[in-house]
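The block underneath contains the structure these notes are about, expressed in structure tokens.
The values are calculated or read from the model by the stated rules, or taken from the named source; none is laboratory data. Just so it is clear, the model here is predicted, and its values are computed rather than measured. Reconstructed Cβ throughout: ideal geometry from the backbone, glycine too, with neighbour counts over all protein chains shown. Side chains included, ligands, DNA and RNA excluded: accessible areas come from the protein's heavy atoms. Shrake-Rupley method; radii C 1.70, N 1.55, O 1.52, S 1.80 Å.
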Amino acid sequence: MAITRAEVLHVARLARLALTEEEIARFQEQLSAILEAVGKVDELDLSGVEPTAHPLELSNVWGADEPRPSIDVEEALANAPDREGSYFRVPPA
Amino acid sequence: MIDTLRLTAKEANALLTGGELSSDELFAAYRAAIDERDPDLNCFLHVCDESPGAGIPIALKDVIGTKGIPTTAGSKILEGYLPVYDATVTERCQARGLRTIGKTNMDEFAMGSSTENSAFGPTRNPWDPSRVPGGSSGGSTAAVAAGLAPWALGSDTGGSVKQPAALCGVVGLRPTYGTVSRYGIIAFASSLDQVGPVTKTVADCAFLYSVIAGRDPCDTTTVDLPHPVEIPEAEDLRGLRVGVPRELNEAEGIEPGVTESVQAAIELCRELGAEVGECELPRSVEYGLPCYYLIAPSEASSNLARYDGVRFGLRVSPDGIRAMYEETRDEGFGDEPKRRIMLGTYALSAGYYEAYYGQAQKVRTVIRQEFAAALERFDVLVSPTSPTVAFPLGAKTENPLAMYLSDVLAIPPNMAGLPGLSIPCGLSEGLPVGLQLIGPQFSENVLFRAGHALEQALAFDVVPPRLA
């Protein structure tokens, strides 16, 4: 299944990736080849088969609803590229 | 003089408990081996000069969070990142006195099968430095093979412990999904990611698994082991039913030398007393790889959304927040993560979800059912771990699909959440061949028993001849 340049640009926008011209061309070609290969799953008639989201039979695993220590503000901000007081600072929208 | 090339973790520990060596002396011996050999191999992204603990060293894949020790997942986008907490597996190792000797190289975000996708240069195979160690845990498996650590932890999403273990001639376990905590592990594909041991022997593997396994309140997908880990001792396979799935053993692209070693190991199972029979996995092998390459990239596209330049990691800072996100991600991610983010975003996007992700989840059910049927008749299934021995650097970097095929045999059981053990079973053209042992969920003790008995009978020499 071939994907178009417009689709590559659309997906890059959804994924917040500013691709270069070279990347757009290369990914268009490579993604087309990969989609062709993985699209094979669509050959199977799986109507009536339940999907598997997770390999273990677990559901509704609850944690105790009790406060416990967590990382403090300084630790949370320790790797921040930029901060102001106790906030992460980013460029204006 | 300590021969770190040959010393197993069990032997290293015996030297400590017997008082023949101190923990510091042992640590120094492995540090010296790293200084001597790692400039050529590039197994480590970070080496620790000191590390708390009174036990033996361990190397940790750089996807595992280590408080105050750089953790990059092999990516430029996390260069300089210092975790503020330890992963649960890190804590559990430390609680047993294990000392972190360093963080090992890997394909960026564990995406790859050769460790060439690391942003910090490839790792080389200790058996032949012109070849790859496999991946994505290639730094961990090469470090153990080269005697730079007595053992290590890796992580396996679609074969990333098993396949590099095979290519480096060491033992690697991908545990049953849910038995090892993912808390503090940098996420790739959450329904598949699992941390596993890399060791020289099956007994060491069983021991290290016992250290890291078990329920963790911080990871709600974890469960307690239904039975304690048993360190294997038996040297026969009497009473064990060994299945040989035709499709996993006859898949296109398996090298003749690989088949030869694996066939010899299967014959050995018989000699050791196992009942050996054929079985089939008609759709699991044919559709396993396509299924994986829809599910894993889809989950990755979501998990990797957090790298946006706001809270940690790289920030490229032009004007405006949107440009900051897009430029940061374009500059910070390498080719393979970008490719997978694009693929996953596409597969999850409106209009394609049902045909791709939805359908892949149904294929996953089919794979589970096929393995369940085969494992009703057999205790263990065997196959090659990888279709090929270690390949030359650069051989597959231009063709992503060719690289993906490296895991065609390792992926199918992973989709079903099954454990898989890879042990070295021989050489082909002077390079190690890995045997994959697959069992039902929570059957690690059976895999250890079978792997240990085979290991004793095979007497594979884990030391690469060029280093001996």
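Observations
- The range B:66-80, residues that are surrounded by fewer than 19 Cβ atoms within 10 Å (Cβ to Cβ) and assigned to a loop (DSSP other than H, G, I, E, B): B:Lys67, B:Gly68, B:Pro70, B:Glu79, B:Gly80
- Just one of the listed residues (B:Arg124, B:Arg131) is among the basic types (Lys, Arg), out of contact with any helix residue (DSSP H, G or I) (no Cβ under 6 Å at 6 or more places or on another chain) and either assigned by TED's automatic domain parsing to the domain that holds B:Ala450 or in contact (Cβ under 8 Å) with a residue 12 or more places away in the chain (or both), namely B:Arg131.
- Residue match in the range B:88-110 (condition: part of a loop (DSSP other than H, G, I, E, B), surrounded by fewer than 24 Cβ atoms within 10 Å (Cβ to Cβ) and at pLDDT below 95): no
- Check on B:Pro122, more than 27 Å from B:Tyr404 (Cβ to Cβ) and not hydroxyl-bearing (Ser, Thr, Tyr): no
- Cβ-Cβ distances below 8 Å connect the following pairs, each with a first residue in the range B:457-468 that is over 17 Å from B:Gly434 (Cβ atoms), a second residue that is surrounded by fewer than 16 Cβ atoms within 10 Å (Cβ to Cβ), and a separation of six or more residues or different chains: B:Pro465/B:Gly430.
- Only a single item in (1) away from chain A (no Cβ under 14 Å); (2) more than 24 Å from B:Val170 (Cβ to Cβ) is not met by B:Thr221, and it is number (1).
- Neighbours by Cβ (under 7 Å, 6+ apart or cross-chain): first from the range B:343-366, within 18 Å of B:Leu192 (Cα to Cα) and of a type in the set (Val, Ile, Thr); second open to solvent by 20 Å² or more (accessible area, probe 1.4 Å) and not in a helix (DSSP H, G or I): B:Val363/A:Leu44; B:Thr365/A:Val49; B:Thr365/A:Glu50; B:Thr365/A:Pro51; B:Val366/A:Val49; B:Val366/B:Arg283
- Count of residues meeting criterion [under 30 Å from B:Asp35 (Cα atoms), open to solvent by less than 10 Å² (accessible area, probe 1.4 Å) and assigned to a loop (DSSP other than H, G, I, E, B)] in the range B:159-197: 5
- Taken across the range A:61-75, residues that are over 20 Å from B:Val316 (Cβ atoms) and in contact with an Asp or Glu (Cβ under 6 Å, 6 or more places away or on another chain) do not occur at all.
- Residue satisfying all of: in the range B:127-158; in contact with an Asp or Glu (Cβ under 9 Å, 6 or more places away or on another chain) and over 25 Å from B:Gly332 (Cα atoms); surrounded by the fewest Cβ atoms within 10 Å (Cβ to Cβ) among these: B:Pro129
- For B:Pro217, the requirement of being open to solvent by 30 Å² or more (accessible area, probe 1.4 Å), farther than 30 Å from B:Arg131 by Cα and modelled with pLDDT under 95 is met.
- Which listed residue is within 15 Å of the chain's Cα centre (by Cα) and either closer than 26 Å to B:Asp3 by Cα or not polar (S, T, N, Q) (or both), from B:Pro126, B:Pro150, B:Pro133: B:Pro133
- Of all residues in the range B:214-259, those satisfying the criterion of being closer than 20 Å to B:Val433 by Cβ, more than 24 Å from the chain's Cα centre (by Cα) and not in a loop (DSSP other than H, G, I, E, B) are B:Arg246, B:Pro256.
- In chain A, counting only helices (runs of 4 or more DSSP H) that sit wholly within it, the ones holding 3 or more residues that are open to solvent by less than 80 Å² (accessible area, probe 1.4 Å), within 7 Å of chain B (Cβ to nearest Cβ) and under 30 Å from B:Gln359 (Cα atoms) span A:21-38.
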